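Read through the structure below, which is laid out as C-alpha coordinates, and then see the notes.
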Amino acid sequence: MTGAPLIDDGSDLLRDADGRLWPRLDGISYLRVGRDDLVAEAVDRLQSGDRDGALVVLLGDQDDWWTGAPADPAAVRNLVANRLRLSLRDAMACLAFDRVGDYFAHRWSDPTYLAGLALLDAHWRPARSSFELACGIGHYGRELARREVDYTGGDVVFSKLWLARHWVLPPAARLICFDAAAPWPIADEQYDLVFCHDAFYFLDPKPAILAQLRSLVGRDGRLALSHVHNSGAANFSSGHALSAAEMADLFPHATVYDDAELTHAVVEARAPRSASWGALGSVEAFSVEESVDLSEGSQPADCGLSMPFDNAAFRLNPLYRPSGDDYAIVWPSERYAAEYAPRATYPSLISRDRTNAADAIRRRILVDLPERW
(Lines give C-alpha, C1' and ligand atoms only; values in the text may rest on other atoms or scores of the structure.)
Protein backbone atom coordinates (compact mmCIF):
# COMPACT_ATOMS: atom_id res chain seq x y z
CA MET A 1 0.00 0.00 0.00
CA THR A 2 2.90 2.38 0.71
CA GLY A 3 5.24 1.21 -2.04
CA ALA A 4 8.01 0.80 0.54
CA PRO A 5 9.48 -2.43 1.93
CA LEU A 6 7.83 -4.08 4.90
CA ILE A 7 9.99 -4.33 8.00
CA ASP A 8 10.16 -7.41 10.21
CA ASP A 9 8.64 -6.26 13.50
CA GLY A 10 8.92 -9.59 15.28
CA SER A 11 8.35 -13.23 14.44
CA ASP A 12 4.67 -12.78 13.58
CA LEU A 13 4.39 -9.11 12.55
CA LEU A 14 5.45 -6.84 9.70
CA ARG A 15 5.47 -3.02 9.84
CA ASP A 16 4.89 -0.82 6.80
CA ALA A 17 6.28 2.66 6.12
CA ASP A 18 3.23 4.28 7.76
CA GLY A 19 3.76 2.28 10.96
CA ARG A 20 0.84 -0.06 10.37
CA LEU A 21 1.29 -3.67 11.48
CA TRP A 22 0.43 -6.73 9.36
CA PRO A 23 0.27 -10.34 10.58
CA ARG A 24 2.66 -12.97 9.30
CA LEU A 25 1.80 -16.38 10.72
CA ASP A 26 3.63 -19.62 9.96
CA GLY A 27 5.68 -17.65 7.47
CA ILE A 28 2.60 -16.49 5.51
CA SER A 29 2.25 -12.72 5.21
CA TYR A 30 -1.38 -11.57 5.33
CA LEU A 31 -1.46 -8.43 3.15
CA ARG A 32 -5.07 -8.19 1.98
CA VAL A 33 -6.50 -4.70 1.57
CA GLY A 34 -10.03 -3.79 2.62
CA ARG A 35 -9.83 -6.09 5.64
CA ASP A 36 -8.87 -3.43 8.19
CA ASP A 37 -10.96 -4.79 11.06
CA LEU A 38 -9.73 -8.34 10.53
CA VAL A 39 -6.09 -7.24 10.34
CA ALA A 40 -6.51 -5.13 13.50
CA GLU A 41 -8.06 -8.04 15.40
CA ALA A 42 -5.31 -10.45 14.33
CA VAL A 43 -2.61 -7.94 15.28
CA ASP A 44 -4.26 -7.27 18.66
CA ARG A 45 -4.37 -10.99 19.41
CA LEU A 46 -0.73 -11.41 18.44
CA GLN A 47 0.34 -8.51 20.62
CA SER A 48 -1.60 -9.97 23.55
CA GLY A 49 0.05 -13.36 23.11
CA ASP A 50 -2.96 -15.18 21.61
CA ARG A 51 -1.24 -16.57 18.53
CA ASP A 52 -3.76 -19.36 18.03
CA GLY A 53 -6.57 -16.82 18.27
CA ALA A 54 -4.94 -14.73 15.54
CA LEU A 55 -4.75 -17.83 13.36
CA VAL A 56 -8.44 -18.53 13.91
CA VAL A 57 -9.26 -14.98 12.78
CA LEU A 58 -7.25 -15.26 9.56
CA LEU A 59 -8.39 -18.81 8.80
CA GLY A 60 -12.00 -17.63 8.83
CA ASP A 61 -11.44 -15.19 5.97
CA GLN A 62 -12.65 -16.09 2.46
CA ASP A 63 -12.66 -14.59 -1.03
CA ASP A 64 -15.50 -12.45 -2.32
CA TRP A 65 -16.84 -15.31 -4.47
CA TRP A 66 -17.49 -17.53 -1.46
CA THR A 67 -21.16 -18.49 -1.04
CA GLY A 68 -20.82 -21.24 1.56
CA ALA A 69 -21.43 -21.07 5.29
CA PRO A 70 -18.64 -19.59 7.41
CA ALA A 71 -16.43 -21.97 9.32
CA ASP A 72 -17.39 -22.64 12.94
CA PRO A 73 -14.76 -20.85 15.11
CA ALA A 74 -14.75 -23.82 17.52
CA ALA A 75 -13.94 -26.20 14.66
CA VAL A 76 -11.17 -23.88 13.46
CA ARG A 77 -9.73 -23.72 16.98
CA ASN A 78 -9.75 -27.51 17.06
CA LEU A 79 -7.90 -27.51 13.75
CA VAL A 80 -5.25 -25.10 15.00
CA ALA A 81 -4.74 -27.10 18.19
CA ASN A 82 -4.61 -30.51 16.48
CA ARG A 83 -3.11 -29.72 13.08
CA LEU A 84 -0.26 -32.21 13.52
CA ARG A 85 -2.73 -35.10 13.93
CA LEU A 86 -5.40 -34.21 11.38
CA SER A 87 -5.45 -35.14 7.70
CA LEU A 88 -5.79 -32.62 4.89
CA ARG A 89 -9.41 -33.69 4.44
CA ASP A 90 -10.07 -33.28 8.18
CA ALA A 91 -8.56 -29.80 8.01
CA MET A 92 -10.74 -28.76 5.07
CA ALA A 93 -13.82 -30.08 6.89
CA CYS A 94 -12.93 -27.93 9.92
CA LEU A 95 -12.67 -24.95 7.58
CA ALA A 96 -16.10 -25.74 6.01
CA PHE A 97 -14.58 -25.90 2.52
CA ASP A 98 -17.47 -28.10 1.29
CA ARG A 99 -17.29 -28.48 -2.53
CA VAL A 100 -14.02 -26.55 -2.65
CA GLY A 101 -12.69 -29.23 -0.32
CA ASP A 102 -13.79 -31.93 -2.79
CA TYR A 103 -12.03 -30.00 -5.55
CA PHE A 104 -8.76 -29.72 -3.61
CA ALA A 105 -8.83 -33.27 -2.22
CA HIS A 106 -9.15 -34.83 -5.67
CA ARG A 107 -7.34 -32.23 -7.76
CA TRP A 108 -4.34 -34.55 -8.17
CA SER A 109 -6.43 -36.61 -10.61
CA ASP A 110 -8.81 -34.09 -12.14
CA PRO A 111 -8.43 -33.42 -15.89
CA THR A 112 -7.92 -29.67 -15.54
CA TYR A 113 -4.94 -30.27 -13.23
CA LEU A 114 -3.37 -32.55 -15.83
CA ALA A 115 -3.94 -29.86 -18.45
CA GLY A 116 -1.97 -27.38 -16.36
CA LEU A 117 0.89 -29.85 -15.94
CA ALA A 118 0.91 -30.54 -19.69
CA LEU A 119 1.03 -26.81 -20.46
CA LEU A 120 4.04 -26.35 -18.19
CA ASP A 121 5.70 -29.40 -19.77
CA ALA A 122 5.00 -28.41 -23.36
CA HIS A 123 7.42 -25.47 -23.40
CA TRP A 124 9.56 -26.52 -20.47
CA ARG A 125 12.97 -24.99 -19.99
CA PRO A 126 15.21 -25.11 -16.92
CA ALA A 127 13.83 -22.84 -14.20
CA ARG A 128 15.30 -21.79 -10.88
CA SER A 129 12.35 -19.74 -9.65
CA SER A 130 8.59 -19.70 -10.08
CA PHE A 131 5.55 -17.69 -9.04
CA GLU A 132 1.96 -18.93 -9.09
CA LEU A 133 -1.00 -16.57 -8.75
CA ALA A 134 -4.11 -18.05 -7.11
CA CYS A 135 -2.07 -21.05 -6.01
CA GLY A 136 -4.73 -22.58 -3.75
CA ILE A 137 -3.21 -25.27 -1.54
CA GLY A 138 -0.09 -25.67 -3.69
CA HIS A 139 -0.73 -28.65 -5.96
CA TYR A 140 1.56 -27.34 -8.71
CA GLY A 141 4.08 -25.94 -6.26
CA ARG A 142 4.57 -29.43 -4.81
CA GLU A 143 5.69 -30.73 -8.21
CA LEU A 144 7.95 -27.76 -8.91
CA ALA A 145 9.60 -27.91 -5.49
CA ARG A 146 10.35 -31.61 -6.03
CA ARG A 147 12.27 -30.58 -9.13
CA GLU A 148 14.29 -28.03 -7.14
CA VAL A 149 12.47 -24.99 -8.52
CA ASP A 150 12.08 -22.25 -5.91
CA TYR A 151 8.38 -21.62 -5.47
CA THR A 152 6.42 -18.53 -4.44
CA GLY A 153 2.65 -18.85 -4.22
CA GLY A 154 0.11 -16.05 -3.85
CA ASP A 155 -3.57 -16.40 -3.03
CA VAL A 156 -6.33 -14.20 -1.67
CA VAL A 157 -7.43 -16.83 0.89
CA PHE A 158 -5.12 -17.28 3.87
CA SER A 159 -6.55 -20.66 4.87
CA LYS A 160 -5.61 -22.18 1.50
CA LEU A 161 -2.03 -21.02 1.92
CA TRP A 162 -2.00 -22.35 5.48
CA LEU A 163 -3.14 -25.78 4.23
CA ALA A 164 -0.38 -25.64 1.62
CA ARG A 165 2.15 -24.84 4.31
CA HIS A 166 1.23 -27.71 6.64
CA TRP A 167 -0.02 -30.48 4.34
CA VAL A 168 1.29 -30.03 0.79
CA LEU A 169 4.43 -27.92 0.30
CA PRO A 170 7.98 -28.17 1.68
CA PRO A 171 9.03 -25.62 4.32
CA ALA A 172 11.10 -23.58 1.85
CA ALA A 173 8.04 -22.56 -0.18
CA ARG A 174 7.25 -18.85 0.08
CA LEU A 175 3.57 -17.97 0.53
CA ILE A 176 1.86 -14.56 0.48
CA CYS A 177 -1.80 -13.65 0.96
CA PHE A 178 -2.75 -10.62 -1.14
CA ASP A 179 -5.37 -9.24 -3.55
CA ALA A 180 -4.58 -9.51 -7.25
CA ALA A 181 -6.59 -6.34 -7.94
CA ALA A 182 -4.54 -4.25 -5.47
CA PRO A 183 -0.84 -3.28 -5.71
CA TRP A 184 1.24 -6.44 -5.49
CA PRO A 185 3.77 -6.89 -2.66
CA ILE A 186 6.15 -8.64 -5.10
CA ALA A 187 5.88 -6.05 -7.87
CA ASP A 188 9.66 -5.60 -8.21
CA GLU A 189 10.53 -9.31 -8.40
CA GLN A 190 11.13 -11.52 -11.44
CA TYR A 191 10.86 -15.26 -11.99
CA ASP A 192 11.79 -17.84 -14.62
CA LEU A 193 8.24 -19.21 -14.61
CA VAL A 194 5.06 -17.24 -13.88
CA PHE A 195 1.73 -19.04 -14.07
CA CYS A 196 -1.92 -19.08 -13.06
CA HIS A 197 -4.05 -22.20 -13.48
CA ASP A 198 -7.82 -22.58 -13.27
CA ALA A 199 -8.28 -19.12 -11.78
CA PHE A 200 -7.69 -16.32 -14.28
CA TYR A 201 -11.39 -16.17 -15.16
CA PHE A 202 -12.10 -15.17 -11.54
CA LEU A 203 -9.75 -12.20 -11.59
CA ASP A 204 -10.60 -8.60 -12.41
CA PRO A 205 -9.49 -6.21 -13.80
CA LYS A 206 -7.93 -8.73 -16.17
CA PRO A 207 -5.75 -6.36 -18.28
CA ALA A 208 -4.13 -4.86 -15.16
CA ILE A 209 -3.60 -8.25 -13.52
CA LEU A 210 -2.15 -9.66 -16.73
CA ALA A 211 0.23 -6.70 -16.92
CA GLN A 212 1.37 -7.49 -13.36
CA LEU A 213 1.95 -11.14 -14.29
CA ARG A 214 3.95 -10.18 -17.37
CA SER A 215 6.07 -7.77 -15.35
CA LEU A 216 7.21 -10.67 -13.16
CA VAL A 217 8.55 -12.70 -16.08
CA GLY A 218 12.31 -12.54 -16.08
CA ARG A 219 14.66 -12.58 -19.02
CA ASP A 220 14.18 -15.83 -20.99
CA GLY A 221 11.21 -16.57 -18.71
CA ARG A 222 7.70 -17.67 -19.53
CA LEU A 223 4.08 -17.03 -18.61
CA ALA A 224 1.50 -19.84 -18.64
CA LEU A 225 -2.23 -19.74 -17.94
CA SER A 226 -4.43 -22.81 -18.19
CA HIS A 227 -8.14 -23.58 -17.93
CA VAL A 228 -9.46 -20.10 -18.59
CA HIS A 229 -13.21 -20.68 -18.96
CA ASN A 230 -14.82 -19.79 -22.28
CA SER A 231 -17.92 -17.58 -22.06
CA GLY A 232 -19.04 -19.06 -25.39
CA ALA A 233 -19.46 -22.57 -23.98
CA ALA A 234 -21.45 -24.14 -21.17
CA ASN A 235 -19.28 -24.64 -18.09
CA PHE A 236 -19.29 -24.49 -14.32
CA SER A 237 -17.52 -21.15 -14.02
CA SER A 238 -18.78 -18.79 -11.34
CA GLY A 239 -16.22 -16.20 -12.39
CA HIS A 240 -15.90 -13.83 -15.32
CA ALA A 241 -15.35 -16.18 -18.27
CA LEU A 242 -13.90 -14.84 -21.54
CA SER A 243 -14.66 -15.40 -25.21
CA ALA A 244 -12.03 -16.52 -27.71
CA ALA A 245 -12.05 -13.01 -29.19
CA GLU A 246 -11.46 -11.42 -25.79
CA MET A 247 -8.63 -13.86 -25.10
CA ALA A 248 -7.11 -13.06 -28.50
CA ASP A 249 -7.07 -9.37 -27.57
CA LEU A 250 -5.30 -10.15 -24.30
CA PHE A 251 -2.90 -12.74 -25.76
CA PRO A 252 -2.25 -11.79 -29.41
CA HIS A 253 1.20 -13.47 -29.52
CA ALA A 254 0.65 -16.52 -27.31
CA THR A 255 0.74 -20.19 -28.22
CA VAL A 256 -2.86 -21.30 -27.69
CA TYR A 257 -4.38 -24.65 -26.71
CA ASP A 258 -7.77 -26.18 -26.15
CA ASP A 259 -7.50 -27.12 -22.49
CA ALA A 260 -8.95 -30.58 -23.18
CA GLU A 261 -6.23 -31.20 -25.79
CA LEU A 262 -3.60 -30.78 -23.09
CA THR A 263 -5.30 -33.41 -20.93
CA HIS A 264 -5.47 -35.84 -23.84
CA ALA A 265 -1.78 -35.26 -24.53
CA VAL A 266 -0.86 -36.49 -21.04
CA VAL A 267 -2.92 -39.66 -21.39
CA GLU A 268 -1.59 -40.36 -24.90
CA ALA A 269 2.05 -39.55 -24.01
CA ARG A 270 2.52 -37.03 -26.80
CA ALA A 271 3.11 -33.35 -27.38
CA PRO A 272 -0.07 -31.24 -27.29
CA ARG A 273 -1.27 -29.64 -30.51
CA SER A 274 -1.68 -25.87 -30.44
CA ALA A 275 -4.56 -24.11 -32.20
CA SER A 276 -5.65 -20.71 -33.47
CA TRP A 277 -8.08 -18.49 -31.61
CA GLY A 278 -10.48 -18.82 -34.52
CA ALA A 279 -10.69 -22.59 -33.99
CA LEU A 280 -11.44 -22.38 -30.27
CA GLY A 281 -14.74 -20.54 -30.19
CA SER A 282 -16.71 -23.42 -28.66
CA VAL A 283 -14.18 -25.20 -26.41
CA GLU A 284 -14.83 -25.30 -22.68
CA ALA A 285 -11.58 -23.61 -21.65
CA PHE A 286 -8.41 -22.08 -23.09
CA SER A 287 -4.75 -22.39 -22.17
CA VAL A 288 -1.99 -20.03 -23.29
CA GLU A 289 1.79 -19.89 -23.18
CA GLU A 290 3.94 -16.78 -23.65
CA SER A 291 7.71 -16.96 -23.62
CA VAL A 292 10.65 -15.05 -24.95
CA ASP A 293 11.68 -17.79 -27.37
CA LEU A 294 9.35 -20.51 -28.62
CA SER A 295 11.69 -21.62 -31.40
CA GLU A 296 12.47 -24.91 -29.65
CA GLY A 297 8.84 -25.99 -30.12
CA SER A 298 6.83 -28.34 -27.97
CA GLN A 299 8.30 -31.26 -26.08
CA PRO A 300 6.55 -34.55 -25.26
CA ALA A 301 3.92 -34.13 -22.60
CA ASP A 302 5.60 -36.72 -20.38
CA CYS A 303 8.96 -34.96 -20.22
CA GLY A 304 8.53 -33.59 -16.70
CA LEU A 305 5.76 -32.45 -14.43
CA SER A 306 2.89 -34.44 -15.89
CA MET A 307 4.35 -37.76 -14.73
CA PRO A 308 5.28 -38.22 -11.06
CA PHE A 309 8.68 -39.63 -10.14
CA ASP A 310 8.98 -43.42 -10.32
CA ASN A 311 9.73 -43.65 -6.60
CA ALA A 312 6.60 -41.74 -5.56
CA ALA A 313 4.27 -43.39 -3.04
CA PHE A 314 1.44 -44.27 -5.43
CA ARG A 315 -1.94 -45.38 -4.17
CA LEU A 316 -5.22 -46.23 -5.80
CA ASN A 317 -7.18 -43.10 -6.66
CA PRO A 318 -9.41 -42.65 -3.59
CA LEU A 319 -12.42 -42.05 -5.83
CA TYR A 320 -12.41 -45.83 -6.37
CA ARG A 321 -14.30 -48.08 -3.94
CA PRO A 322 -14.58 -51.90 -3.88
CA SER A 323 -17.43 -53.17 -6.04
CA GLY A 324 -17.64 -56.95 -6.09
CA ASP A 325 -14.47 -58.22 -7.75
CA ASP A 326 -13.67 -54.78 -9.14
CA TYR A 327 -13.30 -51.13 -8.14
CA ALA A 328 -15.86 -48.52 -9.15
CA ILE A 329 -15.78 -44.73 -9.01
CA VAL A 330 -17.86 -43.11 -6.28
CA TRP A 331 -18.10 -39.37 -6.84
CA PRO A 332 -17.92 -37.05 -3.81
CA SER A 333 -20.98 -35.09 -4.98
CA GLU A 334 -23.38 -34.71 -7.90
CA ARG A 335 -21.75 -31.38 -8.71
CA TYR A 336 -18.30 -32.96 -8.88
CA ALA A 337 -19.57 -35.80 -11.06
CA ALA A 338 -21.29 -33.39 -13.45
CA GLU A 339 -18.12 -31.33 -13.86
CA TYR A 340 -15.47 -34.05 -14.06
CA ALA A 341 -17.03 -37.41 -14.99
CA PRO A 342 -17.33 -36.61 -18.74
CA ARG A 343 -13.64 -35.60 -18.90
CA ALA A 344 -12.08 -38.02 -16.41
CA THR A 345 -8.94 -39.79 -17.61
CA TYR A 346 -9.56 -42.78 -15.32
CA PRO A 347 -12.28 -45.38 -16.15
CA SER A 348 -15.42 -45.71 -14.03
CA LEU A 349 -14.68 -49.40 -13.33
CA ILE A 350 -11.35 -51.25 -13.07
CA SER A 351 -10.31 -54.80 -12.32
CA ARG A 352 -8.54 -55.59 -9.07
CA ASP A 353 -5.70 -57.28 -10.98
CA ARG A 354 -4.86 -54.35 -13.25
CA THR A 355 -1.11 -54.61 -13.95
CA ASN A 356 -0.05 -51.81 -16.35
CA ALA A 357 1.36 -49.41 -13.77
CA ALA A 358 2.62 -46.78 -16.24
CA ASP A 359 -0.79 -46.46 -17.87
CA ALA A 360 -2.50 -46.41 -14.46
CA ILE A 361 -0.24 -43.56 -13.32
CA ARG A 362 -0.70 -41.60 -16.54
CA ARG A 363 -4.49 -41.89 -16.31
CA ARG A 364 -4.44 -41.17 -12.56
CA ILE A 365 -5.89 -44.54 -11.63
CA LEU A 366 -2.88 -44.50 -9.33
CA VAL A 367 -2.07 -41.15 -7.73
CA ASP A 368 0.76 -39.58 -5.77
CA LEU A 369 -0.97 -37.92 -2.82
CA PRO A 370 0.54 -36.01 0.12
CA GLU A 371 1.50 -38.17 3.07
CA ARG A 372 -1.26 -36.79 5.28
CA TRP A 373 -3.92 -36.60 2.57
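The values are calculated or read from the model by the stated rules, or taken from the named source; none is laboratory data. Predicted model, so just to flag it, every value in this text is computed and none were measured. In this analysis, Cβ positions are derived from the backbone assuming ideal geometry, glycine residues included, and neighbour counts consider all displayed protein chains. In case anyone asks, the SASA skips ligands and DNA or RNA and just uses the protein heavy atoms, side chains included. Shrake-Rupley method; radii C 1.70, N 1.55, O 1.52, S 1.80 Å.
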Percent carbon-and-sulfur accessible area, segment 46-200, ignoring ligands, DNA and RNA, probe 1.4 Å: 50 percent
Over segment 24-102, equivalent-ellipsoid semi-axes from the Cα gyration tensor in Å: 21, 17, 10
Farthest positive-ward along the chain dipole, Cα basis, beta-carbon charges - from Val217, Gln190, Gly304: Gly304
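Just how many % of Cα pairs in segment 182-222 lie over 11 Å apart, if you round to the nearest whole percent? Mind showing how you got there, number by number?
Values: 533 of 820 pairs.
Value for segment 182-222 (Cα pairs over 11 Å): 65 percent.
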Accessible heavy-atom area order of Phe131, Phe314, highest first, probe of 1.4 Å: Phe314, Phe131
The chain: antiparallel DSSP beta bridges as a percent of all, rounded to 5: 55 percent
Solvent accessible area, Å² - Cys177, 1.4 Å probe, full protein context: 0 Å²
Surrounding net charge for Glu189, when Lys and Arg each add one and Asp and Glu each subtract one, Cβ distance under 12 Å: -2
Calculated [θ] (222 nm, deg cm²/dmol) that DSSP helices of n ≥ 4 give over the chain, each run adding -39,500 (n - 2.57): -8000 deg cm²/dmol
Virtual spin-label span in nm between Asp90 and Arg335, 7 Å along Cα→Cβ: 2.5 nm
For segment 329-373, alpha-carbon Rg relative to the globular expectation (2.2 N^0.38 Å, N residues): 1.28
Reduced Cα scattering model of the chain, Debye log10 I(q)/I(0), q = 0.13, 0.14 Å⁻¹: -1.10, -1.27
3J(HN,Hα) from dihedral phi, segment 195-206, Karplus parametrisation 6.51/-1.76/1.60, rounded to Hz, x for glycine, proline: 8, 8, 10, 6, 8, 4, 5, 6, 8, 8, x, 4
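For Ala358 and Arg128, what is the calculated FRET efficiency with R₀ set at 25 Å and r taken between the beta-carbons, to the nearest 0.05?
With a Förster radius of 25 Å, E is 0.25.
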Residue (of Ser351, Ala254, Pro370) at the positive-pole extreme of segment 244-373, dipole from beta-carbon charges: Ser351
Alpha carbon convex hull of segment 306-360, projected area averaged over orientations, nm²: 4.6 nm²
3J(HN,Hα) from dihedral phi, segment 223-232, Karplus parametrisation 6.51/-1.76/1.60, rounded to Hz, x for glycine, proline: 10, 9, 10, 10, 6, 8, 4, 8, 5, x
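Quick one: net charge around Arg372, please, counting Lys, Arg +1 and Asp, Glu -1 for every other residue with C-beta under 12 Å from its C-beta.
Spelling it out: positives minus negatives among the neighbours equals +1.
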Accessible solvent surface per residue of segment 187-270, calculated while the other protein chains remain in place, 1.4 angstrom probe, Å²: 38 Å²
Hz values of 3J(HN,Hα) by residue in segment 174-189 - Karplus curve (6.51, -1.76, 1.60), Gly and Pro given as x: 9, 10, 9, 9, 7, 8, 5, 7, 9, x, 8, x, 10, 4, 9, 9
Cα gyration tensor category, rounded, prolate or oblate, for segment 99-221 with a/c compared to 1.5: rounded
